[in-house]
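Step one of this worksheet: look at the structure below.
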Amino acid sequence: MRWWDLDRVMELEEGLFPEDAWSRGMFWSELAHARGRDATRHYVVAESGSRLVGYAGLAVFDRTGDVQTIASARDHWGTGLGARLLTDLLTAATTFECREVLLEVRVDNARAQRLYERFGFEPIGIRRGYYQPGNVDALVMRLSDPAAPGVATAASADTNASTETNTSTETSTSTANTAASVNPANPATSATSANPATSVQGTETHG
């Protein structure tokens, strides 16, 4: 994700999360920490042609990854896009040498919970009234080792279930000619400090 993506990101953000959408300034703040040798953020967007259909972000603090946001357009639900976005974040967490990855998900969002469970996330607690103004509790989930072989197997099974998305980066092209691609900003290779705060709702995840 880059600054020039923000108009399209905000359009999707405000449509998916009308009650507690991130502001443009919040995205700017996150992206300010996504580049350079001391980067502590990793953000990607997914595109279908010229249309932005999803985005995701990870923050890192002391070798702990925190899923900041995962969102996909409603007409891309069930296509495997959410799984591909999450796979990209877990790949970045491995690059950051994270020992664990945390996230929060609404207790009433069974769809997102099932996705995270397939990737090996386990519930570790509840945050009461975390989602406002609806006063909805958050389920805290943890993945103990994003680099574990089992995680890669689950990710492969989930993302290969759909032929509508593919993953590409700024420095390589995908071998598949499919409808949507996940395009990360340059991933950082080191982490210093961050103050991640995550929430998960709507399509997949939102912080």
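The values are calculated or read from the model by the stated rules, or taken from the named source; none is laboratory data. None of the values given here were measured: they were computed from a predicted structure. All Cβ positions, glycine included, derive from the backbone under ideal geometry; neighbour counts span all protein chains shown. These accessible areas exclude ligands, DNA and RNA; they are computed on the full protein's heavy atoms, side chains included. Shrake-Rupley method; radii C 1.70, N 1.55, O 1.52, S 1.80 Å.
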Checklist line | Protection-proxy order for peptides 49-56, 30-37, each taking the mean of Cβ atoms within 10 Å per residue, highest first | finding: 49-56, 30-37
Item checked: Label point distance in nm, residue 24-residue 10, each placed 7 Å from Cα along Cα→Cβ -> 0.3 nm
Next item on the list: List the residues of the stretch 95-109 whose backbone N lies under 20 Å from a point placed 7 Å from the Cα of residue 74 along the Cα-to-Cβ direction.
Entry: 106, 108-109
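What's the ranking of 129-135, 83-89 by average number of surrounding C-beta atoms within 10 Å, highest first?
83-89, 129-135
What does the extension gain come out to for residue 38 and residue 148, with contour length at 0.36 nm per residue minus their alpha carbon separation? It would help to have the intermediate numbers written out before the result.
On the way: separation 110, 0.36 × 110 = 39.60 nm, distance 2.51 nm.
Length difference between fully extended and current span is 37.1 nm.
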Margin query: Per q in 0.15, 0.16, 0.17 Å⁻¹, report the Debye log10 I(q)/I(0) for the stretch 85-142, using one uniform scatterer on each alpha carbon and no solvent.
Written below: -0.47, -0.53, -0.59
Checklist line | Spatial separation of Cα centroids for the stretch 1-52 and the stretch 73-121, in angstrom | finding: 17 Å
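Using a 1.4 angstrom probe on heavy atoms only, work out the carbon and sulfur share of the accessible area of the stretch 54-124 in %.
Details: 1210 of 2590 Å².
Result for the stretch 54-124: 47 percent of the exposed heavy-atom area is carbon or sulfur.
What number comes out for accessible area per residue over the stretch 1-84 if the probe is 1.4 Å? Units Å², please.
43 Å²
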Check: For residue 63 and residue 132, what is the calculated FRET efficiency with R₀ set at 35 Å and r taken between the beta-carbons, to the nearest 0.05?
Finding: 0.70
Item checked: Other-chain or far-sequence residues with amide H under 5 Å of residue 106's (modelled H) -> 139, 200, 201
Note to self: Taking θ = phi - 60°, what integer Hz values does the Karplus form 6.51 cos²θ - 1.76 cosθ + 1.60 yield along the stretch 44-49, in sequence order, with x for Gly and Pro?
What the structure shows: 10, 10, 10, 10, 10, x
